[in-house]
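Colleague: Dropping the structure in here first, questions after.
The values are calculated or read from the model by the stated rules, or taken from the named source; none is laboratory data. Keep in mind it's a predicted model, so treat the numbers as computed, not measured. All Cβ positions, glycine included, derive from the backbone under ideal geometry; neighbour counts span all protein chains shown. To get the accessible areas, we keep the full protein, side chains included, count just its heavy atoms, and leave off ligands, DNA and RNA. Shrake-Rupley method; radii C 1.70, N 1.55, O 1.52, S 1.80 Å.
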Amino acid sequence: MSHESVIFQIGWNACINCGACIAVCPQPPGFVTSFNTIAVNTACDIACMACEIICPVSTIFHLKESEIANDPTFIQLNPRQY
Amino acid sequence: MCPIKYDIVVIGSGPGGSTTARYAAKHGLRVLLIDKRQELGAPIQCSGAISGNALENVEIIADDEFIQEKIYGFGIYNEVGIKTTIDYRTLKPDEYSKSKKPLGFVVDRRRFDRYLMTMAERENVEVSLKSEGLNYTPEKNGTCTLTIRRFNEEIKINTKVIVGADGLQSQVGKWAGLNTHIKLTELASCLQFVVDGVKTDGLLEIITGDKWAPGGYAWIFPKGNGYAEIGLGVTRTLAKQNAQRYLDQFMKESFFKDRFLNARILEIQGGGVPLTAPLNIQYADNLILVGDAARHVNPITGGGIHTAMASGKIAGEFLAELIKSDKEPTKENLKEYQERWLNAMGNKMWQLYQVKHNIFNTKDVLLRDEMLYNTMSNYFSPESEYKKI
């Protein structure tokens, strides 16, 4: 289990919109996307990884916050945050 | 444009939500039913099995519009394929047969959920799709203001009670600070394929065994028109890999591998199934939860349609009584909903949870497999004490 904040990313092609990731997520209400998944592009400070583990098709990934600063692809996709 | 005052607003138009709305409206309440989706029932997260009793209990006729296959019993298998057959066509031929009545059905969840919504609308429930609940604020007069987003427009609605029927991923319960969190040890991670080319015979087939589905089971359900569902659910803390890999393994390596040789996949569906105890507290000021949102799911079978509709009926009738008696919808007054539900089915669900808990907390895998197989075989027998749950 990591205690550093993480940002989740979802491989949308494999996602089956089952919502299992939201069901095990201990975050307060609203840590979701409109596509029945946990929030992406928003830091998760709990980082329990239950969402990644429960996913039936293993299509949730994460970057640690410290790694994001060095990830040009992520910054390019999320310019408003960086 | 929505009028702004309702007795109750139901968030989520699955079987639990639409049944709550229908019974509340039938007993005279002004009801709004909202759902964020554009098509109910989708994406499908369920195998769609439901008993005939469950439909009768909430006065729904088994209509061809949503029935895909009639079911007459069960086939329970252990890990190596030893089978217990519980076929009501032979156990109770005077009651159940093709010419008489079936034991249950597999339904098309898209059509079923839409049908249930239609039945609610015919009782004068107002329905709004593409409408998502955002938050609520209690008011001094005992009501509350609910904010929803309908398409891209934010609308404020005054209501006495919000019914959270927003499923497994419920956010409504979290709004009120209820402890809705499901532990990783108690949520089955499920995946199923709808397939062509796999024969079935009117039975729901359940395959137990740690090798195929640790902390859950695999299933083969008839789906009508020669189709079938092949799926499984696993508890990830007991499983070495994800549900997708277990399903691949089940189809390629199990004692059914020859039966699956010509399976052609038509759809891929999945979901989380809470194999957990019902929520300890399912109510708050101005708010109650029904169905999956309250974890009203049978923790042995994972079945949730029957339990959601049954709790919807209890909720709808109770809210009508409460509001017509002019009692304020405080948590103290809404507590009776949970008490009625416990008396009707909740206490048995708690017992089932203990059974499930004892099985999956058994460390010896062989013993655990045997316990699950025996429990499943007994559960579906005509003598089962739990058959109406």
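Colleague: If I build a Gaussian network model for chain B, linking alpha-carbon pairs within less than 10 angstrom, which residue out of B:Val163, B:Val107, B:Val195 has the largest mean-square fluctuation?
Modeller: B:Val195
Colleague: What is the Cα radius of gyration of chain B over 2.2 N^0.38 Å, N being its residue count?
Modeller: Relative to the 2.2 N^0.38 Å estimate, chain B comes out at 0.98.
Colleague: Now a separate question. Given region B:181-241, what whole percent of its Cα pairs are spread farther than 17 Å?
Modeller: Working: 787 of 1830 pairs.
That tail contains 43 percent of the Cα-Cα pairs.
Colleague: Each label point is 7 Å from the Cα along the Cα-to-Cβ direction; what then is the distance between the points at A:Glu67 and B:Lys101, in nm?
Modeller: Distance between the two pseudo-spin positions: 5.7 nm.
Colleague: Moving to a separate point now. Please give the FRET efficiency for B:Asn358 paired with B:Glu383, using the beta carbon to beta carbon distance and R0 = 25 Å, rounded to the nearest 0.05.
Modeller: Values: r = 21 Å, r/R0 = 0.82.
For R0 = 25 Å, the calculated efficiency reads 0.75.
Colleague: Now for a different question. I'd like the interface area for chains B and A: accessible area of each alone minus the complex, both sides summed, 1.4 Å probe, protein heavy atoms only. What is it in Å² to the nearest 100? Provide the component values of the computation, followed by the final result.
Modeller: Values: alone 17290 and 5080 Å², together 20520 Å².
So the total buried area for this chain pair works out to about 1900 Å².
Colleague: Using DSSP to define loop residues, name the trypsin sites (Lys or Arg not before Pro) in region B:283-389 whose beta-carbon has at most 12 other beta-carbon atoms within 10 Å.
Modeller: Working: sites: B:Arg295, B:Lys313, B:Lys324, B:Lys327, B:Lys331, B:Lys335, B:Arg340, B:Lys348, B:Lys356, B:Lys363, B:Arg368, B:Lys387, B:Lys388; in loops: B:Arg295, B:Lys327, B:Lys363, B:Lys387, B:Lys388.
Sites meeting the loop and neighbour criteria: B:Lys363, B:Lys387.
Colleague: Sort region B:337-382 into rounded, prolate or oblate with this rule: let a ≥ b ≥ c be the square roots of the eigenvalues of the Cα gyration tensor; rounded if a/c is under 1.5, and if a/c is not under 1.5, prolate when a/b is larger than b/c, oblate otherwise.
Modeller: Details: a/c = 6.62, a/b = 1.95, b/c = 3.39.
The shape class here is oblate.
Colleague: Counting only protein heavy atoms, what percent of the accessible surface of the protein assembly as shown is carbon or sulfur at a 1.4 Å probe?
Modeller: On the way: 9920 of 20520 Å².
About 48 percent, which is the carbon plus sulfur part of the accessible surface.
Colleague: Kindly tabulate the residues in region B:152-172 with an accessible-area decrease of at least 10 Å² between the chain alone and the assembly of all protein chains, using a probe of 1.4 Å.
Modeller: B:Leu168, B:Gln169, B:Gln171
Colleague: Could you name the aspartates and glutamates in cross-link range of B:Lys36, using Cα to Cα under 19 Å and dropping any fewer than eight places away on the same chain?
Modeller: B:Asp113, B:Glu121, B:Glu126, B:Glu132, B:Glu153, B:Glu154, B:Asp166, B:Asp292
Colleague: Let me ask something else. From zero up to wherever the largest Cα-Cα distance of region B:216-373 sits, split into 10 Å bins and tell me the percent of pairs in each.
Modeller: Bin by bin from 0 Å, the calculated values are 9, 30, 28, 20, 10, 3, 0.
Colleague: Can I ask one more? Please return the longest range in chain B lying between exposed loop sites, taking GluC sites (Glu not before Pro), DSSP loop only, at most 13 other beta-carbon atoms within 10 Å, and leaving the sites out.
Modeller: Details: sites that count: B:Glu39, B:Glu59, B:Glu65, B:Glu95, B:Glu139, B:Glu383, B:Glu385.
Counting only loop sites that pass the neighbour cut-off, the longest clear stretch is B:140-382.
Colleague: Determine, from the Cβ-Cβ distance of B:Thr145 and B:Gln38 and an R0 of 30 Å, the FRET efficiency 1/(1 + (r/R0)^6), rounded to the nearest 0.05. Mind dumping the intermediate values first?
Modeller: Details: r = 26 Å, r/R0 = 0.86.
So the FRET efficiency works out to roughly 0.70.
Colleague: How many angstrom lie between the Cα centre of region B:236-257 and the Cα centre of region B:32-51?
Modeller: Taking the Cα centre of region B:32-51 as reference, the centre of region B:236-257 is 27 Å away.
Colleague: Can you pull out the trypsin sites (Lys or Arg not before Pro) in region B:48-142 that DSSP calls coil and that have at most 16 other Cβ atoms within 10 Å?
Modeller: On the way: sites: B:Lys70, B:Lys83, B:Arg89, B:Lys98, B:Lys100, B:Arg109, B:Arg110, B:Arg111, B:Arg114, B:Arg122, B:Lys130, B:Lys140; in loops: B:Lys98, B:Lys100, B:Arg122, B:Lys130, B:Lys140.
Listed in order of number, the matching sites are B:Lys98, B:Lys100, B:Arg122, B:Lys130, B:Lys140.
Colleague: So if each residue of separation counts as 0.36 nm, and I subtract the Cα-Cα distance between B:Lys130 and B:Glu267, what length gain in nm does that give?
Modeller: Values: separation 137, 0.36 × 137 = 49.32 nm, distance 2.44 nm.
Result for the pair: 46.9 nm of gain on full extension.
Colleague: How large is the accessible surface per residue of the protein assembly as shown, computed with a 1.4 Å probe and reported in Å² as a whole number?
Modeller: Heavy-atom SASA per residue in the protein assembly as shown reads 44 Å².
Colleague: Can you pull out the chymotrypsin sites (Phe, Trp or Tyr not before Pro) in region B:1-78 whose DSSP state is coil and whose Cβ has at most 10 other Cβ atoms within 10 Å?
Modeller: Values: sites: B:Tyr6, B:Tyr23, B:Phe66, B:Tyr72, B:Phe74, B:Tyr77; in loops: B:Phe66, B:Tyr72.
Sparse-neighbourhood loop chymotrypsin sites (Phe, Trp or Tyr not before Pro): none present.
Colleague: Per the Cauchy relation, a quarter of the hull surface: what is the mean projected area of the convex hull of the alpha carbons in the protein assembly as shown, in nm²?
Modeller: On the way: hull surface 92.0 nm².
Averaged projected hull area, Cα only: 23.0 nm².
Colleague: Stick to the Cα atoms of region A:16-58, pair each with every other, and give me the Kirkwood hydrodynamic radius in Å at one decimal. Write out the running numbers ahead of the final one.
Modeller: Working: mean 1/r = 0.0956 Å⁻¹.
About 10.5 Å, per the Kirkwood formula over Cα pairs.
Colleague: With runs of 4+ DSSP H residues as the only contributors, calculate the mean residue ellipticity of chain B at 222 nm using -39,500 (n - 2.57) per run, divided by the residue total and rounded to the nearest 500. Each step should come with its number before you reach the end.
Modeller: On the way: 10 runs with 110 residues, N = 389.
Helix-only estimate at 222 nm: -8500 deg cm²/dmol.
Colleague: Which distance in Å, rounded to a whole number, links the C-alpha centroids of region B:346-381 and region B:82-111?
Modeller: When both Cα centres are located, 23 Å separates them.
Colleague: Moving to a separate point now. On a straight-distance basis, which aspartates and glutamates could pair with B:Lys92 in a cross-link, Cα separation under 15 angstrom, same-chain partners fewer than 8 positions away excluded?
Modeller: Cross-link targets: B:Glu383.
Colleague: Same structure, new question: Obtain the nm distance between the two label points defined at B:Asn158 and A:Gln9 by a simple spin-label model: each point lies 7 Å from its Cα along the Cα-to-C-beta direction.
Modeller: Simple spin-label model gives 4.9 nm for this pair.
Colleague: Would you calculate the separation in nanometres between label points at B:Lys327 and B:Leu366, each defined as 7 Å from the Cα along the Cα-to-beta-carbon direction?
Modeller: Each label point is offset 7 Å from its Cα along the Cβ direction, giving 5.6 nm.
Colleague: Output the pairs from B:Lys26/B:Lys130; B:Lys199/B:Lys356; B:Lys160/B:Lys335; B:Lys183/B:Lys252; B:Lys160/B:Lys324; B:Lys83/B:Lys211 with a Cα-Cα distance over 19 Å in this structure; if there are none, say none. Before the final figure, lay out each step's value.
Modeller: Working: B:Lys26/B:Lys130 24 Å; B:Lys199/B:Lys356 30 Å; B:Lys160/B:Lys335 15 Å; B:Lys183/B:Lys252 31 Å; B:Lys160/B:Lys324 11 Å; B:Lys83/B:Lys211 16 Å.
Where the Cα-Cα span goes over 19 Å, the pairs concerned are B:Lys26/B:Lys130; B:Lys199/B:Lys356; B:Lys183/B:Lys252.
Colleague: If you don't mind, there's one more thing I want to ask. Please identify, among B:Gly316, B:Gly81, B:Gly41, the residue showing maximal mean-square fluctuation in a Gaussian network model of chain B using a 10 angstrom Cα cutoff.
Modeller: B:Gly81
Colleague: Need one number: % antiparallel among DSSP beta bridges in chain B, to the nearest 5.
Modeller: Numbers: 57 of 79 bridges.
Just about 70 percent of them are antiparallel.
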